[in-house]
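Notes to accompany the following structure.
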Amino acid sequence: MSPTAAAQPQSPISSLSRRLRGGDEVAWLITLLFATSVLVITALLIGELWIGSAAAREKFGFGFITSRLWNPVTDEFGAYPFLYGTIVTSALALAISVPIGVGAAIFLAELANGKWSDALTFLVELLASVPSVIYGLLAIFTIVPMMREFIGPALKSVFGFLPLFQGPVYGVGYLTASLVLSIMIFPYIISVSREALLAVPREQREAALALGATKWESTWQIVVPFARLGIIGSIFLAFARALGETMAVTMVIGNDMTVHTSLLAPGNTIAAVLASEFNEATGKYYPAALIELGLVLFLLTLVLNGLARLLILVTTNKGSARA
Amino acid sequence: MLSLLCAGLAPAADTINAAGATFPAPIYQKWFEEYKAKTGVQINYQPVGSGTGIKQLTEGTVDFGASDVPMTDAQIAAASKSKPLHFPTVLGAVVLSYNVPGLTAGLKFSGPTVAGMFMGTITKWNDPKIVADNPGVKLPATDLVVVHRSDGSGTSFIFTDYLSKVSPDWKSKVGAAASVSWPTGLGGNGNAGVEGFIKQTPGSIGYVELIYAIQQKMAYADVKNAAGKFVKPSFESVTAAAAGMKEMPADFRVSITDAPGAGAYPISSFTWLLIPSQFADANKKKVITEFLTWMLAEGQKDAQGLSYAPLPAAVVAKEKKQIALIK
Amino acid sequence: MTIRNIYRKSLNNVMLTLTGICAFVTVSTLFVILAYLVYNGGKSVDLAFFTQLPKGAGEEGGGMANAILGSAEIVAIASAIGIPIGFFTGVYLSEWGGPGFSFLVRYMCDLLNGVPSIVIGIFAWIVVVKPMHQFSALAGGFALSLMLIPITAKSTEQFLVEVPRALREGSLALGATKWRTIASVVVPAARKGIMTGIILGVARIAGESAPLLFTSLNNQYWSTGLSEPTASLPVMIYTHAISAYDDWHRQAWAAGLVLLCLVLVANIAARLIVSRGTTARG
C-alpha cells in the first residue's frame, strides 16, 4: 500500500486514482473484480433457480425433499428417490475411484519413469474429453452386459445375504452407474493429484530416505501429506463432476423412480431426471418441480462441500502446506 | 446493451430455424434437404422434443415448431404472439418390440394384455392372458421385463393415450402424458435406448416407433384393434387408422389411437408441424407456405421409404385450405 | 533384520505393487475405451467427414464439417470468457484473499462446479437465448464458460499457493512489486499445474452436449455468424446416437473419435507452449 495515499486529505476519486497508479493496486482491483464476478454469476444462477421453482415450492414446501412420489400426470412431485440415487452413485463412485486414482497418481509421480509417466498421464487426461454420450454408449455395450452376466450374479452369490445385493439383475442400476461415474472421474483425481505430488520439493523425499525410511514410508508419510491440499482439491473436482453428470448416468441407471436398497436395482439421479424430462415438461408445476430439483442439488452440494471443508479444517494444522 | 449487440449480429435471412419432435425428425430432415436442393432455401430442423418445440415456438426463438402431441388450449393461449396452426405431416406407429428367445411365431396382444404388462400385473411370459392371445404358441415361463421411456416423449404420449382407452384401470391409475409415473419397468433413453435394452435383455418388452424396430431387426407384435382384429403395424394399417376417423376437427388436433375400422392399427398417430399464423417477416411466410404446399404434394411420397404412412387424401385437401390462413 | 524391518520392507513392496496395479487398472480402462472409439470411429472417418455437411437420415455418407467448426467456435468463445475469469479469480484467492470473502468465493466455485450441465444450459437459455430470441454460438460459449470457470480458478489457486514462499520473497527482495512478482515469478513456477487444470476443463467442456441443446441448438448447415444456431460435435453425437440408423450410429462414433483427436492436438500444443524452459520442480 503506497504510504502517500493515506496522508493527504483529498477527494475520494483522486485518492483512488492516485492509489491505482501503483501496479499492485490495479492488479488487486482487477483480480477482485473477476472474483466478484464469480459470486455474481453464481448468485444469479441460484436466483433464477429460485424464481423458476416458485410454483413448485409453494405447492410442496419442505415435503418436497422427503416425498417419494413423482407423477407428472397428477402433478405430485418429490425429490427423495433422486436425492438418494445421487448420493449413492456419487459416494460409491468416489469410493471406487479415489483409492485407485490416488494409488495410480502415486505410482505415476513417484515410481514411473519420467517419460512414461508423462505419456500415460497425458493419455489419462484425454479421458476427460470423451463426451458423456460416448461414455454412456460404451457402458451400454460393455459394462451393462458384464454386469448382467457376470458381476451381478457373482456379487449376489457371494454377498447375497446383504440387502445391498439382492433382487433381479438387469445390468443397469446404481452399481453400473457408479462404475461408469468412477471411470469418468479418474482423470481428475489422477492428473491433479500427480501434479500435486510432483510439486513436492525433492528435498523432502531425500530427507526422509536419508533418515532410513523405505520408499513407501517416505511417500505415504511425507510426500502425500505435503501434497494433501492438491489431492483433496482433485477429489472435490471429481465429486462435483460426479454429482452433476447427466447423459452417461441417465443411459445406464435404469430410470426407476423408486428407492431401492439393492445396488443392483435401477434408480435415478437428480441430474439424470432433469436431463430426461426437462425437454417435455409442460404445465405449471412440472417444470417448476424439475427446477426445484436443481435447487435441491445445489443445497446438497452446499451441505456436502461444507462438511468436507469442515473435515479438512479439523484434520489440518493450518498453514502447513502453504509454504 | 445486449439488444444492441444482437442488432449488430443479426442473422442471415435465408436460414429458417425449427425445432420439435424427434419422432418425425428423419423425414423432416430429408424433406428439408430435398427442398433445399430444389429451391435453395435452408431450413434447419432440430429434434429436441415436442415439449421444447412448443416452448421455443412460444418464446419466438424458432420460426416454427413440431410436435407429436397436439398443443393444449392453455399452450395455444400462451402462444398468443404467433397463434400457431397445426399441420399434420405424416402418420406413425408405435409398436411393441420384444425379445423372447425360442419363439416359433410372432406374438399378438390385446389391449388389456398390454395394459397388464405395463401395469405390472402380468409378470411372466406364460401368463394366461398372453397365452389366450396367442393360441398354439409355446410361451416360456421367463420373467417379463418391461422397458419404457425415461425421457418425456410424444411416443410415450401416443402409447399411454392408447392404454388409457383400452384399460380404465390404466386411465385412473396412470393416465396419458408425455411423461408418466410408470408402475414398473426400466427406463431407456430415447427410442434407441429402449430398443437397445430390449435387444440385450431376454424376456423384455417395450414400445418404440416402428422405424426403430425395423432398422434394428427386432420382432414386433400384432395388436388387437377396436374392431376385434389383430393387426400388424404397417403403412396400410396406419393409414387405415387415419381414414377410419369420422370427422377431422378444423384445427386438426385429434387422437387416432384405438381407431375404428377393421384394418386399423390401434397405436397410430399423426404428427404435426406448428406454424405461426402470423409472420412479421413476409419473406419467411412465403418460404414456409410454399414449403407446406410442396410437403403436401411431393413430400408425401418420401414417407413410406422411411417407414411413415402418408396422409389420407381427405386430410391433405383440408390442410391445403388451412395454408390460406397464414398471414 | 529385525521383525519390524521385515514388516516395513514387505509393506513397502506390497504397497508399491498396489499402486502399480492401480495405475495398470486405470490405464487399461483407458486403453479399452480408446480402442473401442478408434475401432468403431475409425471405420467411418474419411475425408468426407471433415469436408461435408450431414446427410439426411438413412442416407449413406455425409460428414460433420460444420460441427467441427462449430465446436471450435463455441469452445473458443467459452475459453475466451472462462479462462481469464477463472485464472484471475484463482490469482486473487491465492495472493490477496482475506479469510471471509475468499472462503465465500471458493465455496461458490465448488457449487458452480457441481451444477448439472443441463441446469447450466437452462440458465444460459434464460439469460442469453430468451432475450436474444435466438439460439446462438455465443449462448453456447457462455454456458460452457460457466463450467470452465470453477475448474480453472481452483487449479490456479491450488498451484499458485504451492509455490514456495522463498521464491516470492526473493523476488520482492530484489525490488519487484507484488504484481510483478506474481506475473514473472509465481505464475511461471506454477504454470504446469495451472495448465493441467485448464486443459482438463477445456477437454470436459468440449465434450458436453446438454448445455448446448438449449443454447447453440444445432445446425444441419453452416452457420453464418456467431448468433445463429451452430452445429457442434457433442450434440451431433447425441442426435446421431439416439437415431434408428446404424449408419448414423457409426457417424456418432466417428465424431467421438474426431473430438478426442482435436482435444489431443490442443492438449499437445498447450503443453508444448508451457514447457518451454525449465520447470520449478523441487
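Quick one: Karplus J couplings for region C:156-165, per residue in order, coefficients 6.51, -1.76, 1.60, θ = phi - 60°, nearest Hz, x for Gly and Pro?
Values, residue by residue: 4, 4, 4, 7, 5, 4, 7, 5, x, 4 Hz.
Would you grab the residues whose amide H sits under 5 Å from the one on residue B:149? Only those 5+ places off in sequence or on another chain, please, with H modelled 1.01 Å from N.
Close amide H contacts, sequence-distant or interchain: B:188.
Taking the 0 to 90 degree range and rounding to the nearest ten, how far is the long axis of helix B:50-59 tilted relative to the main principal axis of chain B, both from C-alpha atoms?
So the helix axis and the longest Cα principal axis differ by about 20 degrees.
Taking R0 as 60 Å, what FRET efficiency do you get between residue C:270 and residue A:162 from their Cβ-Cβ distance, rounded to the nearest 0.05?
E between residue C:270 and residue A:162, to the nearest 0.05, is 0.80.
Taking chain B as the reference, fit the longest principal axis to its C-alpha atoms, fit the long axis of helix B:154-166 to the helix C-alpha atoms, and give the angle between the two in degrees, 0 to 90, nearest 10.
For B:154-166 against chain B, the angle is about 50 degrees.
Place a point 7 Å from Cα of residue B:121 in the direction of its Cβ. Which residues in region B:134-171 have their backbone N less than 19 Å from it?
Output list for this probe position: B:134, B:144-147, B:160-171.
At q = 0.11, 0.13 Å⁻¹, what is the base-10 log of I(q)/I(0) for chain A according to the Debye formula with one equal point scatterer per Cα and no solvent? Please give it to two decimals.
Debye intensities relative to I(0), on a log10 scale: -0.88, -1.08.
What is the order of A:60, C:123, fewest Cβ neighbours within 10 Å to most?
A:60, C:123
Quick check on my link table: of B:165/B:285; B:108/B:165; B:38/C:43; B:318/C:55; B:217/B:321, which ones sit more than 28 Å apart, alpha carbon to alpha carbon?
The pairs that break the limit, which is 28 Å between Cα atoms, are B:165/B:285; B:38/C:43; B:318/C:55; B:217/B:321.
Taking amide hydrogens as modeled 1.01 Å from N in the peptide plane, which residues meet the under 5 Å criterion relative to residue B:177, leaving out close sequence neighbours?
When sequence neighbours closer than 5 places are left aside, the close amide H contacts are B:160, B:161.
On average, how much area does the Cα convex hull of region C:61-281 cover when viewed from any direction, in nm²?
Mean shadow area of the hull around the Cα atoms is 14.0 nm².
Using only Cα atoms, find the angle between the long axis of helix C:99-113 and the longest principal axis of chain C, and express it within 0 to 90 degrees, rounded to the nearest 10.
Rounded to the nearest ten degrees, it is 30.
What residue among B:79, B:176, B:282 has the largest mean-square fluctuation in a Gaussian network model of chain B, using Cα springs under 10 Å?
B:282
Going down the list B:129/B:232; B:171/B:246; B:246/B:286, which pairs span over 27 Å between their C-alpha atoms?
Long pairs (Cα-Cα over 27 Å): B:246/B:286.
Using modelled backbone amide H atoms (1.01 Å from N, in-plane), which distant-in-sequence or interchain residues come within less than 5 Å of residue C:220's amide H?
B:45
Can you spot the lysines whose alpha carbon is less than 17 Å from residue A:284's alpha carbon? Ignore those fewer than 8 places along the same chain.
By straight Cα distance, residue A:284 reaches A:59, B:55.
If you build the Cα gyration tensor of the protein assembly as shown and take the root of 5 times each eigenvalue, what three semi-axes come out, in whole angstrom, biggest first?
Listed largest to smallest, the semi-axes of the protein assembly as shown are 51, 34, 24 Å.
Sorted from largest to smallest, which semi-axis lengths in Å does the alpha carbon gyration tensor of chain B give for its equivalent ellipsoid, taking the root of 5 times each eigenvalue?
Taking √(5λ) for each Cα gyration eigenvalue gives 38, 20, 18 Å.
Which helices, taking whole DSSP H runs in chain A, have alpha carbons extending 20 angstrom or more along the helix axis plus mean Kyte-Doolittle at least -1.0?
Helices passing the filter in chain A: A:23-52, A:80-106, A:174-198, A:228-244, A:286-315.
Treating cross-link reach as a plain straight distance, find the lysines whose alpha-carbon is under 28 Å from the alpha-carbon of residue C:192, omitting any fewer than eight places away in the same chain.
Reachable lysines: A:115, A:215, A:318, C:154, C:178.
Enumerate the aspartates and glutamates that residue B:284 could reach by cross-link, defined here as Cα to Cα under 17 Å, with residues fewer than 8 away along the same chain left out.
Answer for residue B:284, where 17 Å is the Cα cut-off: B:14, B:63, C:228, listed by chain and number.
Measure out, as a whole number of angstrom, how far apart the alpha-carbon centroids of region B:78-138 and region C:219-252 sit.
Their Cα centres are 31 Å away from one another.
For chain B, what is the mean residue ellipticity at 222 nm derived from helices alone (per DSSP H run of n ≥ 4: -39500 (n - 2.57); sum divided by total residues; nearest 500 deg cm²/dmol)?
The helix-only estimate for chain B comes to -11000 deg cm²/dmol at 222 nm.
Computed from the coordinates by the stated procedures, all read-outs in this text should not be read as laboratory data. Since the model is a prediction, treat every value here as computed from it, not as a measurement. All Cβ positions, even for glycine, are placed from backbone atoms using ideal geometry, and neighbour counts span all protein chains on display.
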